[in-house]
Each structure stands twice: as structure tokens, then as C-alpha cells.
1. Considering only chain B, pick the residue with its Cβ nearest the axis of the rotation onto chain A, and state the distance in whole Å.
2. If you stretched the chain out fully between B:Arg264 and B:Arg315, how much longer would it get, using 0.36 nm times the residue separation minus the C-alpha to C-alpha distance?
3. Return a whole-number percent for the relative contact order of chain A, with Cα pairs under 8 Å and 6 or more residues apart as the contact set.
4. Give me the distance in nm between label points sitting 7 Å out from Cα along the Cα-to-Cβ direction at B:Lys45 and B:Arg14, one decimal.
5. Just to confirm the number: angle between the C-alpha axis of helix A:251-261 and the first principal axis of chain A, 0 to 90 degrees, nearest 10?
6. Just to confirm the numbers: B:Ser13, label point 7 angstrom along the Cα-Cβ line, distances to the other copies in nm, shortest first?
7. Among rounded, prolate and oblate, which fits the stretch B:3-46 when a ≥ b ≥ c are the square roots of the eigenvalues of its C-alpha gyration tensor, a/c under 1.5 means rounded, and a/b larger than b/c means prolate?
8. Which residues does the label zone of B:Lys281 cover in the stretch B:53-80, counting backbone N under 12 Å from a point 7 Å along Cα→Cβ?
There are 2 protein chains.
Amino acid sequence: MTVKEIAELAGTSRGTVDRVLHGRGNVRPELRSKILKVIEETHYKPNQLARALINSRKKFHIGVVLHSVGNPFFEDVLKGIRYRAAKFESHGIELTVKEIKGFSAREQIDAINELKNEQIDGLVIMPIDVAEIRRVLSSLAIPVVTLNTDIEVPKVAFVGCDYVNSGMICGDLAKLILCNGGTVAIVIGNATIAGHTERVKGFLASVGEAEAIRVMTPIENEDDDDISYRKVKELLQETAPDLIYFGAAGIEGGIRAVLECGRRIHIVTVDYTDTVKRYLKSGVIAATVTQQPFVQGDEAINILFNVLADDRQPRDINNYTRNQVLLRNSKEY
Amino acid sequence: MTVKEIAELAGTSRGTVDRVLHGRGNVRPELRSKILKVIEETHYKPNQLARALINSRKKFHIGVVLHSVGNPFFEDVLKGIRYRAAKFESHGIELTVKEIKGFSAREQIDAINELKNEQIDGLVIMPIDVAEIRRVLSSLAIPVVTLNTDIEVPKVAFVGCDYVNSGMICGDLAKLILCNGGTVAIVIGNATIAGHTERVKGFLASVGEAEAIRVMTPIENEDDDDISYRKVKELLQETAPDLIYFGAAGIEGGIRAVLECGRRIHIVTVDYTDTVKRYLKSGVIAATVTQQPFVQGDEAINILFNVLADDRQPRDINNYTRNQVLLRNSKEY
DNA sequence: CTGAAAGCGCTTACAG
DNA sequence: CTGAAAGCGCTTACAG
């Protein structure tokens with residue numbers, strides 16, 4: 001079935017069929033019904049290829065705002081973004097990426113404004129969760145996709161990690177390892193960061209079932225290796241946890257402290273930085289739970305482009321990537 | 001850059017540019033060089049959308065031979081196949097699926113011959129590894145993709161599980177759980193099935209590093225729940241393993257025997273059947289390692305269609321899906 | 001060996 | 001409100 005055939009069957013022209021197909025109005029009601037009936041009866045499905053070929057005449061300009069570039073985690077997100085943009089090359093995508101070093105709300109707002117001046121049609125952003133950013137994003141007249149970290153603003157979709165679930169899976173790992181009970185220490189960046197506390201929440205929910213496991217109050221390392229080293233060092237002088245769960249960054253410093261103490265302590269981490277990779281392969285880290293950063297970037301662009309070019313909304317506003325358990329012999333194909 | 005522009009710059013016609021682009025010959029050498037030079041200089045990239053639109057005029061008929069349908073694992077493979085076929089609907093794909101119940105080489109050969117009569121352009125098959133099938137497949141003049149189970153025949157690609165690695169990851173799990181040492185029993189279907197022995201091999205390679213872990217000789221249950229029940233029952237009367245690794249089917253029967261014995265034994269399994277799911281969620285199974293059956297079906301069709309429609313060979317002949325560790329709280333988004 | 005023309009299925013002005 | 005025509009970027013006969 002083609003538009004031409006539909007038009008013939010309905011005794012009209014392709015242009016009119018197209019108007020009905022896209023609800024552009026300006027069609028006599030009876031004619032409209034007739035066309036709809038023919039479409040219905042013939043099970044007409046528009047050819048996506050032809051449609052995309054036409055659509056590719058329009059350019060869709062997508063702006064991306066990322067921070068902390070240089071960090072391998074975010075590099076993977078960026079790779080996913082570029083991968084999907086390359087896939088849409090023929091489809092008329094145009095990408096402008098603003099990379100910000102560190103976490104500056106001021107710089108993030110400047111980047112958004114620059115993109116606005118470049119007339120972007122949609123925005124993908126890893127937002128910093130402060131009131132000012134929320135205000136700026138809410139006043140935007142274009143579709144927004146929040147990436148990796150969510151924030152309360154009107155948006156087309158959030159693509160990122162289900163942190164509570166990530167914490168639960170780490171709790172499952174702790175239960176496996178400490179099947180005869182034991183004490184757990186938790187190290188996170190900062191209790192004001194939603195993702196970090198959600199991980200702790202999930203961890204406790206999962207481990208709560210195991211009576212023989214005792215969990216100590218989380219330690220904060222500000223995602224900094226030096227602080228992490230110092231705090232873990234202190235911790236190990238005072239107590240003797242059987243397992244440490246590193247639910248954020250600062251893993252390198254923390255592990256250094258563990259290794260120096262000489263005792264055998266099980267370690268569970270998150271993500272897959274070079275440090276984690278090295279210690280996982282050497283057996284120092286028992287397991288790590290990753291969140292598919294590449295897929296996050298990939299999917300964010302995919303969703304936004306489909307909204308812009310084809311008005312196809314995502315099924316769900318929340319798009320969580322998989323929390324994957326990697327062990328010593330896990331491969332990254 | 002378009003073919004038209006290339007033609008103008010090279011002072012020739014679109015038809016001739018097209019001939020050069022596809023190496024169809026019949027172009028004067030000097031003209032050919034000139035066209036290639038222009039293509040090079042302008043960084044011309046053919047528009048995939050337009051190309052696919054044209055290609056969709058041709059129909060590519062793909063035959064699929066699957067066995068053991070009804071088994072949820074294979075159902076997921078089939079879902080992946082249908083998913084990708086639907087994606088290629090506009091691209092001119094035509095699919096004929098032959099489902100065989102059980103493992104009959106005879107029926108598999110009949111299915112292949114029926115597909116041959118239907119003039120398929122390519123074949124996706126989960127081959128039964130016997131000489132006769134190898135002979136039939138080798139004599140086929142069309143591209144073949146082996147799915148889930150590999151077999152020594154000329155082929156475009158194999159898509160399936162890296163069984164050795166799957167076993168290694170299960171070994172990693174055993175090491176986590178038995179961090180203070182212990183005894184492991186292994187249950188597989190049959191030592192003549194490559195995937196099963198490869199899993200054992202991987203498991204031993206991984207566990208071999210841990211001196212405190214003793215691994216017993218694998219038990220064979222013929223992938224049958226009743227045999228599995230009986231054999232595990234016997235095993236538990238004679239010995240007291242701390243962990244049982246079920247590296248194939250017959251999990252339901254085996255676990256029944258474990259539960260009846262009343263002792264606490266850690267269980268690690270493969271795949272994600274309803275039985276596994278239920279026992280994983282209830283904490284009876286500690287962890288399972290899955291092989292992405294949906295992705296296997298999806299990817300097999302994807303690879304074969306790209307070969308047929310666009311002559312795009314896969315990068316690698318072996319396409320392994322991820323061996324994923326699922327724990328109690330793992331989600332299937 | 002080469003080019004002019006037609007066509008894939010759709011959408012977009014434009015004239016009425 | 002409607003239809004005839006042009007065009008997206010590519011490939012395919014076909015005539016020479």
C-alpha cells in the first residue's frame with residue numbers, strides 16, 4: 001500500500017491523503033472519513049524510509065550540555081551521543097556539544113544560553129540540580145531530555161540510572177559475599193547528591209533482610225581520592241568491616257587505604273573507571289555495578305531526535321539503563 | 001554531496017558515478033579515476049536513506065530454522081528475530097520461520113529443503129551438530145548465519161553465547177560466595193554437548209585459582225528434570241557440597257532435590273526460565289548468568305539482512321552476546 | 001562505455 | 001478545500 005494507491009481508492013489526490021495522515025486539517029469531513037476508512041481497510045502503513053528521506057531535508061539542531069568531561073564515565077556517555085548522532089547523519093541531525101569542566105551552574109546556564117542563540121531545536125542536558133538551572137530549563141520552549149541525573153522540570157524524557165536499584169544489587173552482592181554475616185562500611189561522595197543517597201537506600205533495603213549483616217553509617221569522601229584515602233584509613237584504624245561498598249567516586253584513594261591496612265576486606269564498587277577495571281581484574285574488587293553510560297548517551301539522542309523529526313514520544317518518561325554486575329571475568333564485547 | 005553533484009564535478013552522469021560507486025565496471029579507466037578523485041576530495045558519503053529506499057524494491061527472503069520452540073529461552077530468541085524483521089519491514093524483508101519441536105536432524109533437513117524450494121536468499125539456523133546437517137549447510141549457495149549454537153560450516157556469522165566465558169563468570173560467582181572455601185558440584189545436560197563442556201571448562205579455569213575450593217566431577221542430567229532430581233538426590237545423600245552450579249537445563253528437578261534435603265546449599269544457574277526467575281526472586285538461587293536470547297535473534301537477522309541488502313559483512317564472524325549476571329533485585333527493563 | 005529518463009514512496013509548495 | 005507537479009538522493013533499465 002502506498003499513498004498513491006490510497007488516493008486512488010478514495011478517489012482523491014496524494015496531497016489530500018497526506019493532509020489527513022498528518023492531521024493538517026483543510027479536508028472536507030466526508031472526504032476525510034472516506035480516506036480514513038480506506039487507510040483502515042487496507043492496513044496502510046507509511047513507508048518509514050521514504051518518510052525519513054523527506055524529513056532529512058529539514059535540519060534538526062540538537063544541543064548537548066555535559067559537565068566533568070575528561071572523566072572516563074562521561075567520556076562513554078559522550079561516545080554514545082556521537083554514535084547515535086552518526087547513525088542519524090543522513091536523517092538531518094546537527095549536534096552542538098558544550099563540555100564543561102567541573103560542576104558550575106553558572107557555566108551551565110551560559111552554555112544553555114549560547115545554544116539558545118544558535119537556535120537549537122532540542123536540548124540534552126546533564127543538569128546540575130539547583131533552583132537556577134530548574135528555572136532556566138523550565139522557561140525553555142524546546143523539548144528537553146535530562147541525561148544521567150534527573151531534575152524536576154518539564155521534559156520529554158529522563159535517561160539514566162535507577163540508583164535505588166543499583167544500590168539494591170550491590171546489597172545483593174554483599175549478601176552473597178557475607179553469607180555468614182559481617183559488617184559493612186559504605187563510602188559515598190556526599191549525602192546531598194540524590195544518586196548517592198538513593199544507592200544507600202537501595203543497599204539498606206536489600207541488605208535489611210539479612211539479620212547477620214550490620215551496616216555502618218555511610219562515610220562521605222566528597223568524590224575526592226585524598227579525602228577518601230584519609231577517611232577510609234581512619235575507619236580501618238577504629239573498626240574492622242568485612243566489606244566496603246563504594247557507591248560513588250574516590251575509589252582509588254579508598255582502595256589505597258584498604259590495601260595498606262593489609263587485612264582482607266571485600267570491596268564492591270560502582271561504574272567502570274580504569275581504576276575499577278584494574279582492581280577488578282586483579283581480584284581486589286569483588287564486583288562492580290555499572291550503569292551503561294554509552295547507552296545513556298545513545299538513547300538520549302535517539303529519543304530526542306525521534307521527537308523532533310517524527311513526533312514520536314518515548315513510551316515512558318523515565319528511561320533507565322541496566323544496572324550490570326561485572327565480575328573478574330566479565331567481558332566488554 | 002550528492003551523486004548528482006559528484007557527476008557534475010567529474011563532468012559525467014549520475015549513472016556512471018553509480019557504476020563506479022558499486023564497482024560494476026564498464027567505465028573508462030581515466031573517467032573512473034577522475035570520479036574516484038572527486039569522491040575522495042569531497043568526502044562524499046552516500047545517503048543511506050535514499051539507498052535503502054531503492055533497495056526496498058527488492059525483496060530479501062530470509063528463512064529461519066529453530067528447534068525446541070515452546071521453551072521460553074527459544075521464545076525469546078524468536079521474539080528478537082521478529083522484532084528485527086519488523087524493523088526491516090519497509091526495507092523489503094520477508095521472513096519464513098520453521099519451528100521444530102525437539103531435536104530432530106531429519107526434520108531440520110526437511111525444513112532447510114522446504115526453505116530452499118521457497119527460494120530463500122539467506123538462512124538463519126540453530127543447527128544440530130551432526131555430520132548430515134553440516135553436509136547440507138555446506139552445500140547451500142546462500143549466506144548462512146548460525147544462531148545460538150555454532151557448527152563448522154562456511155558462514156557469514158555465528159551469533160550466540162561465549163560458553164567458556166559464561167562458565168568463568170559462574171566460577172567468579174562461586175569464588176565470591178565460597179570466599180572461605182568449600183565444595184562445588186556441577187550439573188550439566190550431557191558431556192557431548194559443546195556448550196555444556198565449555199561452561200565446565202570456563203568454570204574450572206576461574207575457580208582453579210582458589211585453592212580452598214574443591215570441584216566434584218560433573219553430573220549429567222540429560223537436560224531432564226526427573227533425571228536431574230534423581231541424580232541430585234543421590235548426590236546429596238552421599239556428599240555435602242556447599243554450592244551447586246547448574247550449567248544447563250533440568251534446574252527445576254535439581255532444585256527440588258536440594259530443597260527436600262533441607263540443608264542450605266548455594267545455587268548458581270544459567271539462563272532465565274520461569275523456574276529460575278521464581279527461585280532467584282525468592283532467594284533460593286543466588287545468581288544466574290544469562291546470554292541475551294532476544295539479542296541473539298535480533299542480531300542474527302540484522303547481520304544477515306545487511307549482508308543481503310547492502311553487502312555489509314559483519315566485522316567479526318563470531319558475535320557473542322553478553323553473559324549477564326542477574327541477582328535477586330536485577331530488573332529486566 | 002555512457003547518459004537521459006524514469007522511478008522508489010513520500011511531502012511540499014503552489015495555483016486555483 | 002483540493003489536485004497536479006516538483007523534488008528528496010539514489011538506482012535501474014534502456015538506447016545508443
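1. B:Val325, 2
2. Numbers: separation 51, 0.36 × 51 = 18.36 nm, distance 4.66 nm.
The B:Arg264-B:Arg315 span can extend by a further 13.7 nm.
3. It comes to 17 percent, rounded to a whole number.
4. 2.1
5. With rounding to tens, the tilt is 20 degrees.
6. 3.2
7. Rounded, because the longest to shortest axis ratio a/c is under 1.5.
8. No residue qualifies, since no backbone N sits under 12 Å from the label point.
Read the figures in this text as sums done on the coordinates, not as results from a lab. Predicted model, so just to flag it, every value in this text is computed and none were measured. Please note: Cβ atoms are built from the backbone with ideal geometry, for glycine as well, and neighbour counts cover all protein chains shown.
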